[in-house]
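Please read the structure below before turning to the comments.
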Amino acid sequence: MKVLVTGASGFVGRALVDELRHGDGAYEVHPLGRGDGDLAEQGTAEAAVADAKPDVVVHAAARIGVVRCEDEQELALRSNVLATAHLARGAAAHGARLAYISTSDVYGSAAVADEETPPAPESLYAYTKLWGEQVAALYAPERLTVLRLANPYGPGVDAGEGKGALPTMLLKAEAREPIPVFRGEARAWCWIGDVVRGVRLVLESGEEGTFNVGSDGEAVGLADVARLACELTGAPQELIQEVEPPPGRVMTSISIERLRTLGWRPEISLDEGMRRLLESFRSATPA
């Protein structure tokens, strides 16, 4: 299988490229990163697909985060909607299957969401990802797969900027800086290695339609995650400061029964994942 992965210089895309290249069976992977052109520009996406001649296009490039999309609304629309439209048309024109990386945020505040739960976005970010799903279905409906990711974390995601809560907590704890956490917020986090393994299984299965990808375990409060960060780094828990969350943040629990039918389950616990994440930071810091 020949796979073109957009967003290959980003968090999910980079991890997926590594998974597809080094898993049980390596694939021919063509990574497309930020330096390879703006997919929202006319002709860029089509040229990339024409050049790679992939069997599958995995579209992971996106503007991520509720706050980041509110701060740069035009960029959010270009990155998450217009670029997706161009790429979907390019994939369809060259006979490639499209797999679109979306988010469980499209469900809004649904208590528990399976793939049949009607979307109810509550932020511009979630709307742009849902619109991305819709333009993908408009221009590349044949064999389309939508993967709604929920709370992935691990090495490679930037701290701060509203898109890296766990690395931010660890780095602030390590530096003995105040650790702000959103009051009352709890999430079921999923290690990025487990996430991209799930994406790979879906691609290999040939299944189309929508898949939730993430943990269906018990949600953990951000304050509890911050306390774990303090324990791992030896920082005092007095650094933790609860603050009010910005509007548009949702805490949907997802059902992953469809993904489980392919033999997938999350393997890395939050404690283990946080330890691995801290080790990655420490190993990257010059002695």
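Tell me the residue from Glu46, Glu41, Glu74, Glu19 that is acidic (Asp, Glu) and under 18 Å from Val213 (Cα atoms), please. Step through it out loud before you land on a result.
Values: Glu46 fails: under 18 Å from Val213 (Cα atoms); Glu41 fails: under 18 Å from Val213 (Cα atoms); Glu74 fails: under 18 Å from Val213 (Cα atoms).
From the options Glu46, Glu41, Glu74, Glu19, the qualifying one is Glu19.
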So the check is Cβ under 7 Å with 6+ separation or different chains; which pairs have a first residue in the range 252-265 that's in contact (Cβ under 8 Å) with a residue 12 or more places away in the chain and a second one that's open to solvent by 50 Å² or more (accessible area, probe 1.4 Å) and among the β-branched types (Val, Ile, Thr)? Ser253/Val112; Ser255/Val112
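Rundown of residues vs (1) touching a residue at least 40 places away in the same chain (Cβ under 8 Å); (2) over 30 Å from Glu218 (Cβ atoms); (3) within 17 Å of the chain's Cα centre (by Cα), yes/no style:
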| position | (1), (2), (3) |
| --- | --- |
| Gly13 | yes, no, yes |
| Tyr27 | no, yes, no |
| Gln42 | yes, yes, no |
| Ser102 | yes, no, yes |
| Pro118 | no, no, no |
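Could you tell me which residue of the range 29-40 is nearest to Glu142 (Cα to Cα), considering only residues that are among the small types (Gly, Ala, Ser) and touching a residue at least 12 places away in the same chain (Cβ under 8 Å)? Explain how you work it out, then say what you get.
Initial filter on the range 29-40 (among the small types (Gly, Ala, Ser)): 33, 35, 37, 40.
After this cut, where a residue has to be touching a residue at least 12 places away in the same chain (Cβ under 8 Å) as well, the list is 33, 35, 40.
On the way: Gly33: 25, Gly35: 29, Ala40: 22 Å.
Taking the candidates together, the pick is Ala40.
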Qualifying positions in the range 37-58 - of a type outside the set (A, V, I, L, M) and part of a loop (DSSP other than H, G, I, E, B): Gly37, Asp38, Glu41, Gln42, Gly43, Lys53, Pro54, Asp55
Go over the candidates Val49, Val81, Val66 one by one and state the one that is open to solvent by less than 50 Å² (accessible area, probe 1.4 Å) and touching a strand residue (DSSP E or B) at 6+ places or on another chain (Cβ under 8 Å). Val49
Here the residues within the range 10-35 that are touching a strand residue (DSSP E or B) at 6+ places or on another chain (Cβ under 9 Å) and more than 23 Å from Leu149 (Cα to Cα) are Glu28
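Would you check if Val58 is farther than 26 Å from Pro121 by Cβ, open to solvent by less than 20 Å² (accessible area, probe 1.4 Å) and β-branched (Val, Ile, Thr)?
No.
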Return yes when Ala111 is within 18 Å of Val250 (Cβ to Cβ), open to solvent by 30 Å² or more (accessible area, probe 1.4 Å) and without any contact (Cβ under 8 Å) to a residue 40 or more places away in the chain and no when it is not. no
Checked the range 114-135 for anything among the acidic types (Asp, Glu) and surrounded by fewer than 19 Cβ atoms within 10 Å (Cβ to Cβ); matches are Asp114, Glu115, Glu116, Glu122
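If you go through the range 233-246, how many residues are touching a helix residue (DSSP H, G or I) at 6+ places or on another chain (Cβ under 8 Å) and open to solvent by 40 Å² or more (accessible area, probe 1.4 Å)?
First pass over the range 233-246, keeping only residues touching a helix residue (DSSP H, G or I) at 6+ places or on another chain (Cβ under 8 Å): 233, 235-237, 239-240, 242, 246.
Right, trim to open to solvent by 40 Å² or more (accessible area, probe 1.4 Å) and you get 236-237, 242.
Of the residues in the range 233-246, 3 are touching a helix residue (DSSP H, G or I) at 6+ places or on another chain (Cβ under 8 Å) and open to solvent by 40 Å² or more (accessible area, probe 1.4 Å).
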Within the range 3-34, count every residue that is out of contact with any helix residue (DSSP H, G or I) (no Cβ under 7 Å at 6 or more places or on another chain), farther than 12 Å from Ala61 by Cα and not in a loop (DSSP other than H, G, I, E, B). 5
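Step by step: first the residues of the range 91-108, then only those that are assigned to a loop (DSSP other than H, G, I, E, B) and either under 30 Å from Ala52 (Cα atoms) or of a type in the set (Asp, Glu) (or both), then the one that is least open to solvent (accessible area, probe 1.4 Å). Which residue is that? Before you say what the answer is, go through the steps one by one.
Quick first cut of the range 91-108, residues assigned to a loop (DSSP other than H, G, I, E, B) only: 94-96, 108.
Add one more test, that the residue is either under 30 Å from Ala52 (Cα atoms) or of a type in the set (Asp, Glu) (or both), and what stays is 94-96.
On the way: His94: 82, Gly95: 54, Ala96: 8 Å².
So, considering only residues that are assigned to a loop (DSSP other than H, G, I, E, B) and either under 30 Å from Ala52 (Cα atoms) or of a type in the set (Asp, Glu) (or both), the one least open to solvent (accessible area, probe 1.4 Å) is Ala96.
Are any residues in the range 202-225 open to solvent by 10 Å² or more (accessible area, probe 1.4 Å) and within 20 Å of Glu133 (Cβ to Cβ), and if so, which ones? Working first, answer last.
Narrowing the range 202-225 to residues open to solvent by 10 Å² or more (accessible area, probe 1.4 Å): 204-210, 215-221, 223-224.
Answer for the range 202-225, where residues must be open to solvent by 10 Å² or more (accessible area, probe 1.4 Å) and within 20 Å of Glu133 (Cβ to Cβ): Ser205, Gly206, Glu207, Glu208, Gly209, Thr210.
Select from the range 247-279 the residues that are more than 20 Å from Arg183 (Cα to Cα) and polar (S, T, N, Q) and write down the one among them that is most open to solvent (accessible area, probe 1.4 Å). Walk me through it before giving the result.
Keep residues of the range 247-279 that are more than 20 Å from Arg183 (Cα to Cα), which gives 254-269, 271-279.
Then keep just the ones that are polar (S, T, N, Q); that gives 255, 261, 269.
Working: Ser255: 29, Thr261: 111, Ser269: 63 Å².
Per the criteria, the residue is Thr261.
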With the requirement that a residue be out of contact with any strand residue (DSSP E or B) (no Cβ under 7 Å at 6 or more places or on another chain) and either under 22 Å from Leu203 (Cβ atoms) or at pLDDT below 95 (or both), what does the range 131-152 give you? Gln134, Val135, Ala137, Leu138, Tyr139, Pro141, Glu142
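The values are calculated or read from the model by the stated rules, or taken from the named source; none is laboratory data. Quantities reported herein were computed from a predicted structural model and do not represent experimental measurements. So basically every Cβ, Gly included, is an ideal-geometry build from the backbone, and we count neighbours across all protein chains shown. Keep in mind that these areas ignore ligands, DNA and RNA; they rest on the heavy atoms of the full protein, side chains included. Shrake-Rupley method; radii C 1.70, N 1.55, O 1.52, S 1.80 Å.
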